[in-house]
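Asks: Structure in structure tokens, see below.
The values are calculated or read from the model by the stated rules, or taken from the named source; none is laboratory data. If you're wondering where the values come from, they're calculated on a predicted model, not measured in any experiment. Reconstructed Cβ throughout: ideal geometry from the backbone, glycine too, with neighbour counts over all protein chains shown. These accessible areas exclude ligands, DNA and RNA; they are computed on the full protein's heavy atoms, side chains included. Shrake-Rupley method; radii C 1.70, N 1.55, O 1.52, S 1.80 Å.
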Amino acid sequence: MKLNAVDERLLKEVAQLHTVPSGAYNIRKNGQLLERNSLPGINIFSKKDRSGIDVIVDPDIVNQSVHIPVILSEGGLDDLVYNTFEIGENSEVLIVAGCGIHNDSALQSKHDGIHEFYLRKGSKMRYVEKHYGEGEGTGERVLNPVTKIHIEEGATAELELVQIGGIDHTKRVTEVYIGERGRLVMNERLLTHKSQQAVSEVTVDLQGADSSGEVLSRSVAQEKSLQIFRISLIGRSRCKGHVACDSIIMDQADVRSQPELCAKNALAELTHEAAIGKLAGDQIIKLMTFGLSEEEAIRVLLDGYLK
Amino acid sequence: MISLENVSLKFEEEKGIVHILNDISITFEPGKLYVITGPNGGGKTSVAKVMMGIHNPSSGKIILDDQDITSCSISERAFKGVRYAFQNPPRFKGIDVKWFLKLANEAITEADISLILKKIGLCPEEYLERTVDAGLSGGEMKRMEIASVLLSKAKVAILDEPEAGVDLWGFEQLLNLIIQSHHKAIKRTTIIISHSEKFLKAADEIIVVANGKIQVRGNYAEIHPLIQEGINCRWRKVCLEEEKEDEIKCGR
Ligand SMILES: Nc1ncnc2c1ncn2[C@@H]1O[C@H](COP(=O)(O)OP(=O)(O)O)[C@@H](O)[C@H]1O
Ligand SMILES: [Mg+2]
């Protein structure tokens, strides 16, 4: 594989990859396929009609992983991909996506990933998506992911979505449709600083009986950054849904949090909690009594909070 | 050795200036165990916070081993060996027990952490990875807080109501641990804010703080008879009508 030092660092940041991954993978660099590996039972194909891939996991494939990182190492790129994932019945897989942008130029670098997942009956998917940006240029680093997930009967999706600094603009749209006894756990971690803007719109549609959905979002907004969360739960059957939106606001940041509950069935149980506040003074003081400076204490608190 | 010299503390509030501590002078000697006791709101925690640098006195000085530390930050005092276990320890999202105790003392090993957890009555296998947040009960938080001070190389260890919220079964063990740790540490000054009989008996000196002042000092034999009478009648802030009633009861 033709990887330079920047590529390697980006891959490490977004996909914890130090070497070529052991499972199936598809690595995309600057809008082109760099390297691909299919496995027995996990096939990756390029789409014929537009850019993007189909990842097909056959039924009953367990303990496997699929890495599909995207790296952008130049300015002036506008990368748009459509990826479709099919997780076969009773399969259990880890999918590590993520996008790393290195932009030293004055031109914008942009990646919009449109992902659609079909989790068939009884399957389980853990999906980890990390956004990472770096570079000295004035060109903006922009990511606008759209994720649609269809969770069929008895299937489970665990999502871990992480973006810690580095990205100037993000608008993340996530839609999840959950069937009978389907389950979703979504953890979101976000840190913005400078004048970065991040918008997260999540809709969890609890369609099937005994479905459940949990959205846990933790964010830190520093300096002049803006964060907007719109998270909505729709209960259409006997189901359970919970949203917890917790944000720490610092400096001159602006945070807006709008959890919405929408019940269309008398047996739907939906709850939400949203909190925005500054770092607690007594936590900072406690760590200072251990000998940490105020700055060190704040760093430790934020590290823990976003872990 | 840590001393307070003519320390006063006041807060400016909307309704006016509130005097919290009034001209407190006291020296805590190395190697001695002190207990500060007195009614709620008397100023005990404020004395501790002034020593730790969490509150700055409005007048007076704090002296640590002949060095004026009044203008030192909390962190600087921690480096110099002053440690304080909070009365109400804060909780931390995402920080686990192991990390928390490592923050308290960088030099400790994982074996040290397991040992202190066992001593404090928390099973290491169960607690090492637990986060120090709402998932821990009040009593568990208190134990962690005490552990964080005991495992540090504190010259001056201040423990604010360490027994509060700790279950009856673990109570004796915890109190013994605190007293033993004091005796094991070389020349440590231990200051325990407490109402517990056991600590009062173990103390080299008891200091009664009420209405922002040191009311009386002495050993258990001298202080114990005064405490009951004093707290009920003389040292508690009460409204005027109640005060009259109290005077009748106490025959003042
Ligand atoms: N930050 C503060 N601002 C205003 N008043 C305070 C503050 N902290 C404590 N006090 C007041 O100071 C008095 C002494 O409090 P404290 O030292 O906590 O008492 P104790 O520990 O003896 O119960 C109380 O009346 C309390 O309400
Ligand atoms: Mg107190």
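Asks: Being away from chain B (no Cβ under 14 Å) and at positive phi is the requirement here; does A:Asp205 meet it? It would help to see each step written out before you state the result.
Replies: Numbers: away from chain B (no Cβ under 14 Å): yes; at positive phi: no.
Here the answer is no, as A:Asp205 does not meet what is asked.
Asks: Is region A:31-40 home to any residue that is of a type outside the set (Phe, Trp, Tyr), open to solvent by less than 10 Å² (accessible area, probe 1.4 Å) and outside any strand (DSSP E or B)? Before you say what the answer is, go through the steps one by one.
Replies: The first filter runs over region A:31-40 and keeps only residues of a type outside the set (Phe, Trp, Tyr), leaving A:31-40.
Narrowing further to those that are open to solvent by less than 10 Å² (accessible area, probe 1.4 Å): none.
Within region A:31-40 (the criterion being of a type outside the set (Phe, Trp, Tyr), open to solvent by less than 10 Å² (accessible area, probe 1.4 Å) and outside any strand (DSSP E or B)), the answer is no, since none of the residues qualifies.
Asks: Next up: When you check B:Phe86 against the structure, is it out of contact with any Pro (no Cβ under 9 Å at 6 or more places or on another chain), facing chain A (nearest Cβ under 8 Å) and of a type in the set (Phe, Trp, Tyr), yes or no?
Replies: Working: out of contact with any Pro (no Cβ under 9 Å at 6 or more places or on another chain): yes; facing chain A (nearest Cβ under 8 Å): yes; of a type in the set (Phe, Trp, Tyr): yes.
Criteria met by B:Phe86.
Asks: Kindly list the number of the only condition in (1) away from chain B (no Cβ under 14 Å); (2) within 25 Å of B:Ala134 (Cα to Cα); (3) open to solvent by 30 Å² or more (accessible area, probe 1.4 Å) that fails for A:Gly213.
Replies: Only one criterion in (1) away from chain B (no Cβ under 14 Å); (2) within 25 Å of B:Ala134 (Cα to Cα); (3) open to solvent by 30 Å² or more (accessible area, probe 1.4 Å) is unmet by A:Gly213, namely (3).
Asks: Is it the case that A:Ala274 is touching a helix residue (DSSP H, G or I) at 6+ places or on another chain (Cβ under 8 Å), over 20 Å from A:Ala209 (Cα atoms) and more than 8 Å from chain B (Cβ to nearest Cβ)? Can you show your working first?
Replies: Numbers: touching a helix residue (DSSP H, G or I) at 6+ places or on another chain (Cβ under 8 Å): no; over 20 Å from A:Ala209 (Cα atoms): yes; more than 8 Å from chain B (Cβ to nearest Cβ): yes.
Considered against the rule, which asks whether it is touching a helix residue (DSSP H, G or I) at 6+ places or on another chain (Cβ under 8 Å), over 20 Å from A:Ala209 (Cα atoms) and more than 8 Å from chain B (Cβ to nearest Cβ), A:Ala274 comes out as no.
Asks: Something else: Within region A:41-53, how many residues turn out to be over 25 Å from A:Glu8 (Cβ atoms) and either open to solvent by less than 40 Å² (accessible area, probe 1.4 Å) or touching a residue at least 60 places away in the same chain (Cβ under 8 Å) (or both)?
Replies: Going residue by residue through region A:41-53, those that are over 25 Å from A:Glu8 (Cβ atoms) are A:41, A:43, A:45, A:47-50.
After this cut, where a residue has to be either open to solvent by less than 40 Å² (accessible area, probe 1.4 Å) or touching a residue at least 60 places away in the same chain (Cβ under 8 Å) (or both) as well, the list is A:41, A:47.
Total meeting the criteria: 2.
Asks: Out of curiosity, is B:Ile17 within 16 Å of ligand 2 (Cβ to nearest atom) and in a strand (DSSP E or B)?
Replies: Numbers: within 16 Å of ligand 2 (Cβ to nearest atom): no; in a strand (DSSP E or B): yes.
For B:Ile17, the condition - within 16 Å of ligand 2 (Cβ to nearest atom) and in a strand (DSSP E or B) - is not met.
Asks: Run A:Asn265 past the list (1) more than 8 Å from every other protein chain (Cβ to nearest Cβ); (2) in contact with a Leu (Cβ under 8 Å, 6 or more places away or on another chain); (3) modelled with pLDDT of 95 or more and report the number of the one that doesn't hold.
Replies: The one condition A:Asn265 does not meet is (2).
Asks: Let me ask something else. Give the number of residues within region A:107-148 that are over 27 Å from A:Gly88 (Cβ atoms) and either among the β-branched types (Val, Ile, Thr) or in contact with a His (Cβ under 6 Å, 6 or more places away or on another chain) (or both). Before you say what the answer is, go through the steps one by one.
Replies: Looking only at region A:107-148, we keep the residues that are over 27 Å from A:Gly88 (Cβ atoms), and these are A:107-112, A:131-144.
Subsequent filtering for residues that are either among the β-branched types (Val, Ile, Thr) or in contact with a His (Cβ under 6 Å, 6 or more places away or on another chain) (or both) retains A:134-135, A:138, A:142-143.
Of the residues in region A:107-148, 5 are over 27 Å from A:Gly88 (Cβ atoms) and either among the β-branched types (Val, Ile, Thr) or in contact with a His (Cβ under 6 Å, 6 or more places away or on another chain) (or both).
Asks: Hey, could you check region B:208-231 for residues that are under 21 Å from B:Ala164 (Cα atoms) and touching a residue at least 24 places away in the same chain (Cβ under 8 Å) and say which is farthest from ligand 1 (Cβ to nearest atom)?
Replies: Among those residues, the one meeting the criterion is B:His224.
Asks: Going through B:Glu106, B:Glu125 one at a time, which residue ends up being assigned to a helix (DSSP H, G or I) and either over 21 Å from B:Ile192 (Cα atoms) or within 13 Å of chain A (Cβ to nearest Cβ) (or both)?
Replies: Details: B:Glu106 fails: assigned to a helix (DSSP H, G or I).
Criteria check complete, one pass: B:Glu125.
Asks: Would you tally the residues in region A:57-99 being part of a strand (DSSP E or B), closer than 25 Å to A:His18 by Cα and open to solvent by 40 Å² or more (accessible area, probe 1.4 Å)?
Replies: So the count comes out to 3.
Asks: Additional query: Can you report the number of residues in region B:188-207 which are more than 16 Å from ligand 1 (Cβ to nearest atom) and either over 19 Å from B:Pro30 (Cβ atoms) or of a type in the set (A, V, I, L, M, F, W, C) (or both)? Before you say what the answer is, go through the steps one by one.
Replies: The initial filter retains those residues of region B:188-207 that are more than 16 Å from ligand 1 (Cβ to nearest atom), namely B:188-190, B:197-198, B:201-205.
Subset that is either over 19 Å from B:Pro30 (Cβ atoms) or of a type in the set (A, V, I, L, M, F, W, C) (or both): B:197-198, B:201-203.
Qualifying residue count, region B:188-207: 5.
Asks: Whether any residue in region A:183-204 is over 20 Å from the mean Cα position of the chain (by Cα) and crowded, with 24+ Cβ neighbours inside 10 Å is what I want to check. Show your work before the answer.
Replies: Of region A:183-204, the ones over 20 Å from the mean Cα position of the chain (by Cα) are A:194-195.
In the following step, the residues that additionally are crowded, with 24+ Cβ neighbours inside 10 Å were identified as none.
Within region A:183-204, not a single residue is over 20 Å from the mean Cα position of the chain (by Cα) and crowded, with 24+ Cβ neighbours inside 10 Å.
Asks: Now for a different question. Please count how many residues of region B:74-85 are open to solvent by 20 Å² or more (accessible area, probe 1.4 Å) and touching a strand residue (DSSP E or B) at 6+ places or on another chain (Cβ under 8 Å).
Replies: Looking only at region B:74-85, we keep the residues that are open to solvent by 20 Å² or more (accessible area, probe 1.4 Å), and these are B:76, B:79-80, B:83.
Still in the list and also touching a strand residue (DSSP E or B) at 6+ places or on another chain (Cβ under 8 Å): B:80, B:83.
Qualifying residue count for the region: 2.
One line per residue, one yes/no per condition, for (1) at pLDDT 95 or above; (2) in contact with a strand residue (DSSP E or B) (Cβ under 7 Å, 6 or more places away or on another chain); (3) away from ligand 2 (no atom under 16 Å from the Cβ):
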position	(1), (2), (3)
B:Asn40	no, no, no
B:Thr45	yes, yes, no
B:Lys49	yes, no, no
B:Ile69	yes, yes, yes
B:Cys72	yes, no, yes
